[in-house]
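Data block below; observations after.
The values are calculated or read from the model by the stated rules, or taken from the named source; none is laboratory data. Note that the structure is a prediction, hence the values are computed from the model and not measured. Cβ atoms come from the backbone with ideal geometry, glycine included; neighbour counts cover every protein chain shown. Surface accessibility is based on the protein's heavy atoms, side chains included, excluding ligands, DNA and RNA. Shrake-Rupley method; radii C 1.70, N 1.55, O 1.52, S 1.80 Å.
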Amino acid sequence: MGYIGSHTAVLLVQAGHQVHIYDNLCNSNASTLERIQRITSRDIGFTEGDVRNTEKLADVLRNEKIDAVIHLAGLKAVGESSQKPIEYYANNVQGSISLIQAMQSAGLSTLVFSSSATVYGDPVYLPYDEDHPTKPTNPYGRNKLQVEEMLRDLSVSDQAWRIACLRYFNPVGAHESGLIGEDPNGIPNNLMPVIGQVVSGKLAALNIFGDDYDTPDGTGKRDYIHVMDLAEGHLAALTWLEANPGCHIFNLGSGDSFSVLDLLRHFEEASGQSIPYQAVGRRPGDLPEYYAKADKAAKLLGWKTKQSLSDICESAWLWIKHSQNN
Ligand SMILES: NC(=O)c1ccc[n+]([C@@H]2O[C@H](COP(=O)([O-])OP(=O)(O)OC[C@H]3O[C@@H](n4cnc5c(N)ncnc54)[C@H](O)[C@@H]3O)[C@@H](O)[C@H]2O)c1
């Protein structure tokens, strides 16, 4: 029901899968369900629950006759993870253990896990490939890496498991309908929802954290990936796992990087709005640049990104306009 999950649910339903969403709504809203149903013209099952409630989750997996799980439930604010590390370990690591136990109890062994490029840490080389050393620099990244390691141990201990750990780069954009998009509760952390707040007048200006990096315009460069391309990656991984047991890691990124100012200019062009911004100090732990080598996903999953930065900004603008009017 969250940002990536809602877009992935739409795509899965449109590809003929039946979807049941399990979410405690700590960073999402129940109204998203109705919007997913409007887009797909299908009823979607939903249970409000915490992944740490193992018994409840196992009951849902059994009762809904689930055969594969996409595990997106987690807290994701990198900065907050340093302020509240135990909350993050409890939710993200303990939550994943509980999910695996629920799957074991329900006899399931196919899992796609939302991992992150933050597992790599300071680049030893770029682009990051899946063999790049992993040395995350914050609790959030360590949560992701610990879960990946746990999943690898699990797949060694029991060869029935089919697991894909998808290391996402920077998901942005929204569904082309404008009905769903990134809609966090509380103060947003990611760039696009903050731009949305500037457009709607809730914020006076966008804060750019650091304009003195060693990049062409001084602002940080990231590998932005359209959320619908990312959703396609989940579908491709699920299909591929049918013939491939074990635990596998894939980067999901575009292989290119754009600066914050590049993104801002594309957004201004797509929206016709001017976005005031101010450079503030660097955020501790932020990297100047990183991007993916996504050749493994291309070769094995037959997946690569299709949508450009302009597509991303146009879809985000549609969503921002829609959410302002509703
Ligand atoms: N958006 C990104 O930039 C990004 C990048 C890399 C990885 N990821 C990972 O992808 C996943 C989805 O991210 P998103 O951007 O859609 O975030 P999101 O916050 O929109 O979605 C996460 C969902 O998980 C739910 N949730 C959290 N803890 C839960 C719990 N204990 N039990 C049940 N539900 C719970 C939230 O209510 C929310 O709906 C997360 O695991 C995140 O760490 C996100």
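Return the pair list, or none, for Cβ contacts closer than 6 Å from residues in the range 157-174 that are open to solvent by less than 30 Å² (accessible area, probe 1.4 Å) to residues that are part of a loop (DSSP other than H, G, I, E, B) and not acidic (Asp, Glu), at least 6 apart or on different chains.
161/109; 169/253; 174/181
Assess whether residue 6 counts as being surrounded by fewer than 17 Cβ atoms within 10 Å (Cβ to Cβ) and either of a type in the set (Phe, Trp, Tyr) or assigned to a helix (DSSP H, G or I) (or both).
When the stated conditions are applied, residue 6 does not pass them.
If you take the residues in the range 79-109 that are within 9 Å of the ligand (Cβ to nearest atom) and more than 18 Å from residue 162 (Cα to Cα), which one is most open to solvent (accessible area, probe 1.4 Å)?
Residue satisfying both the conditions and the ranking: 94.
Give the number of residues within the range 237-263 that are part of a helix (DSSP H, G or I) and surrounded by 21 or more Cβ atoms within 10 Å (Cβ to Cβ). Write out each step before concluding.
Step one: of the range 237-263, the residues part of a helix (DSSP H, G or I) are 237-241, 260-263.
Filter once more, so that each one left must be surrounded by 21 or more Cβ atoms within 10 Å (Cβ to Cβ): 237-238, 241, 260, 263.
Matching residues across the range 237-263 total 5.
Identify all residues within the range 22-64 that are surrounded by fewer than 18 Cβ atoms within 10 Å (Cβ to Cβ), away from the ligand (no atom under 11 Å from the Cβ) and basic (Lys, Arg); write none if there are none.
38, 42, 62, listed by residue number.
Looking only at the range 276-287, count every residue that is buried (at least 17 other Cβ atoms within 10 Å of the Cβ) and modelled with pLDDT of 95 or more and tell me the total.
Qualifying residue count, the range 276-287: 1.
Tell me, yes or no, whether the range 119-128 has at least one residue that is small (Gly, Ala, Ser), part of a loop (DSSP other than H, G, I, E, B) and either near the ligand (Cβ under 10 Å from one of its atoms) or within 30 Å of residue 275 (Cβ to Cβ) (or both). Steps first, please.
Of all residues in the range 119-128, those small (Gly, Ala, Ser) come to 121.
Add one more test, that the residue is part of a loop (DSSP other than H, G, I, E, B), and what stays is 121.
Next cut, either near the ligand (Cβ under 10 Å from one of its atoms) or within 30 Å of residue 275 (Cβ to Cβ) (or both) only: none.
No: zero hits.
If a residue has to be out of contact with any Asp or Glu (no Cβ under 7 Å at 6 or more places or on another chain), within 16 Å of the ligand (Cβ to nearest atom) and assigned to a loop (DSSP other than H, G, I, E, B) to count, how many in the range 138-172 make the cut?
Residues in the range 138-172 being out of contact with any Asp or Glu (no Cβ under 7 Å at 6 or more places or on another chain), within 16 Å of the ligand (Cβ to nearest atom) and assigned to a loop (DSSP other than H, G, I, E, B): 1 in total.
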